[in-house]
Amino acid sequence: MKSGSNLEKVLTNGHFAFTGELGPPRGANIEAIKEKAKFLKGNVDMVNITDNQTAMVRMSSWAAAMIVQELGIEPNYQMVCRDRNRLAMQADILGAYAHGLRNILCLSGDHQQFGDHPQAKGVYDIDSMQLIGMVKKMRDEGKFLGGAEIDTPPKFFIGGAANPFAEPIEWRVHRLAKKVAAGVDFIQTQCVFNMDTMRKWVHMANDMGLTDKVYILPGVTPMKSVGMAKYMKSKVPGMDVPDEIIKRLQGVDKKKVADEGIKIACEQIEEFKEMKGIPGVHLMAIEWEHMVPEIAERAGVLPRPVL
C-alpha cells in the first residue's frame with residue numbers, strides 16, 4: 001500500500017523509524033505550535049497531533065496537523081471515537097486527506113470524566129477497532145461504512161494504539177491481533193517503562209506472526225522528575241512504572257534526575273533497535289519538545305532518512 005506517507009517509506013525501506021508527538025494548544029495560538037515544532041523538524045520522521053487528549057479541549061487535531069505540515073513536518077492525525085459519530089468521522093477523514101494529511105491514528109479516546117468537561121456526552125458510536133476497519137474500507141474498497149461509493153478514496157497509512165501493560169496481560173496480544181485483522185498498518189504503544197513485560201508481549205507478537213503484518217513502534221517517554229514517575233505509577237491508568245525506575249531516579253543528584261531519565265530512555269531505544277519485530281520507536285517527550293534534538297542525538301537516530 002502506497003499512501004504517500006513519509007513514515008510508510010521509512011518503514012518499508014527498512015530504516016529504524018523515530019516518531020514524535022505534539023499536543024495542540026488550549027487556544028488558537030499558532031505560535032505555540034511553531035515553537036514546539038521547531039525542535040521536532042528534522043529530528044523525527046513524523047509527529048503525532050493529539051485529539052483532545054485527556055479529554056481536555058484543545059485545537060482540533062486536523063487543524064493543528066495542517067499547520068505542522070505547512071512547517072515541513074509530517075503529521076500523524078489522531079482521531080478519537082469519544083467525540084464524533086461515524087458521519088462526522090468519515091467527513092473529517094475525507095477533509096483531512098483532501099488537505100494532504102497521509103497518516104491517521106485511530107483511538108478510543110480518554111473518557112470525558114477525566115477531563116475538564118465531565119458532563120460531556122460520550123459518543124462512542126464506533127470503537128477504535130471499528131474505526132480502523134472503517135478507514136480501511138474507505139481506502140481499499142472506496143466505500144463509506146454505509147456502502148455508498150467514494151469518488152476519491154482517502155489513501156491513509158492507518159495507525160492504532162496498543163497497551164501491553166493492561167490487565168489481563170495475556171489478552172493484550174490478542175487485542176493486537178484483532179487490530180491487525182481490522183486493517184491497521186502500524187501500532188504505537190503506551191509509554192514503556194516495564195521492559196520485562198514489553199519483551200514478553202513482543203515475543204508473543206512474534207510467535208503469532210503479527211510482527212510480519214504490522215509495524216510496532218514502542219512508546220518511549222523520558223522521565224523529567226521523580227514526581228513525574230510516581231504520578232505515572234499511581235495516577236495514570238494502564239501505566240506500569242516499576243519501582244526500580246523510581247529508585248534509579250531517586251539515586252541521583254536532584255539536578256541530574258532529568259538527565260538520568262533521558263539516559264533510561266536512550267537505553268530502551270538501544271534495546272529496541274536490536275529487538276526482533278520492532279522497526280522503530282515513538283518518542284513521547286510530554287511538554288518537553290525542546291529536549292527532542294538532544295534525545296535523538298544521544299539515542300543515535302540522527303540524521304533521519306530523507307526519502
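The values are calculated or read from the model by the stated rules, or taken from the named source; none is laboratory data. The model shown is predicted, which means the values in this text are computed figures rather than measured ones. Here Cβ is always computed from backbone atoms with ideal geometry, including for glycine, and neighbour counts include all displayed protein chains.
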Practice task
Would you tally the residues in segment 182-218 being among the small types (Gly, Ala, Ser) and more than 27 Å from GLY4 (Cα to Cα)?
Solution key: 1
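Results for (1) in contact with a Pro (Cβ under 9 Å, 6 or more places away or on another chain); (2) crowded, with 18+ Cβ neighbours inside 10 Å; (3) modelled with pLDDT of 95 or more, shown as yes or no for each residue.
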| residue | (1), (2), (3) |
| --- | --- |
| LEU249 | no, yes, yes |
| LYS255 | no, no, no |
| GLN268 | yes, yes, yes |
| LYS273 | no, no, yes |
| PRO279 | no, yes, yes |
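So how many residues does segment 103-160 have that are of a type in the set (S, T, N, Q) and more than 24 Å from LEU217 (Cβ to Cβ)? Before you say what the answer is, go through the steps one by one.
The first filter runs over segment 103-160 and keeps only residues of a type in the set (S, T, N, Q), leaving 103, 108, 112-113, 119, 128, 130, 152.
Filter again for more than 24 Å from LEU217 (Cβ to Cβ), leaving 112-113, 119, 152.
The qualifying residues number 4.
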Exercise for the section: Please verify whether segment 118-126 includes one or more residues that are closer than 22 Å to GLU149 by Cα, hydrophobic (A, V, I, L, M, F, W, C), touching a residue at least 12 places away in the same chain (Cβ under 8 Å) and surrounded by 15 or more Cβ atoms within 10 Å (Cβ to Cβ). Expected result: yes
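Please go through segment 271-307 and pick out each residue that is part of a helix (DSSP H, G or I), over 19 Å from GLN188 (Cβ atoms) and touching a residue at least 24 places away in the same chain (Cβ under 8 Å).
The first filter runs over segment 271-307 and keeps only residues part of a helix (DSSP H, G or I), leaving 271-274, 289-298.
Imposing the further condition that a residue be over 19 Å from GLN188 (Cβ atoms) reduces the set to 274, 290-291, 293-294, 297-298.
If the condition is that a residue be part of a helix (DSSP H, G or I), over 19 Å from GLN188 (Cβ atoms) and touching a residue at least 24 places away in the same chain (Cβ under 8 Å), then HIS290, MET291, PRO293, GLU294, ARG298 are the ones that fit.
When segment 9-50 is examined, which residues are found to be of a type in the set (Asp, Glu), part of a helix (DSSP H, G or I) and either on the phi > 0 side of the Ramachandran plot or surrounded by 24 or more Cβ atoms within 10 Å (Cβ to Cβ) (or both)? Steps first, please.
Here is the first cut: in segment 9-50, the residues of a type in the set (Asp, Glu) are 21, 31, 35, 45.
When the remaining residues are screened for being part of a helix (DSSP H, G or I), the result is 31, 35.
None; the set is empty.
May I ask you to say which residue of GLN130, GLN190 is of a type outside the set (A, V, I, L, M, F, W, C), in a strand (DSSP E or B) and either surrounded by 15 or more Cβ atoms within 10 Å (Cβ to Cβ) or in contact (Cβ under 8 Å) with a residue 24 or more places away in the chain (or both)?
Details: GLN130 fails: in a strand (DSSP E or B).
When all the criteria are applied, what remains is GLN190.
Any idea which of ALA166, ALA205, ALA182 is at pLDDT below 95, surrounded by 15 or more Cβ atoms within 10 Å (Cβ to Cβ) and of a type outside the set (Ser, Thr, Tyr)? It would help to see each step written out before you state the result.
Details: ALA205 fails: at pLDDT below 95; ALA182 fails: at pLDDT below 95.
Every option except ALA166 fails the conditions.
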Fill in the blank from the handout: Residues of segment 117-152 being within 23 Å of the chain's Cα centre (by Cα) and either at pLDDT below 95 or of a type in the set (Ser, Thr, Tyr) (or both), in sequence order, are TYR124, SER128
Handout entry: Number of the condition not met by LEU145 [criteria: (1) surrounded by fewer than 19 Cβ atoms within 10 Å (Cβ to Cβ); (2) touching a helix residue (DSSP H, G or I) at 6+ places or on another chain (Cβ under 7 Å); (3) part of a helix (DSSP H, G or I); (4) not charged (D, E, K, R)]
Key = (3)
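Which of the residues belonging to segment 133-163 are within 24 Å of VAL281 (Cβ to Cβ) and either without any contact (Cβ under 8 Å) to a residue 60 or more places away in the chain or charged (D, E, K, R) (or both)?
Of all residues in segment 133-163, those within 24 Å of VAL281 (Cβ to Cβ) come to 135, 156-163.
Within segment 133-163, VAL135, ILE158, GLY160, ALA161, ALA162 qualify.
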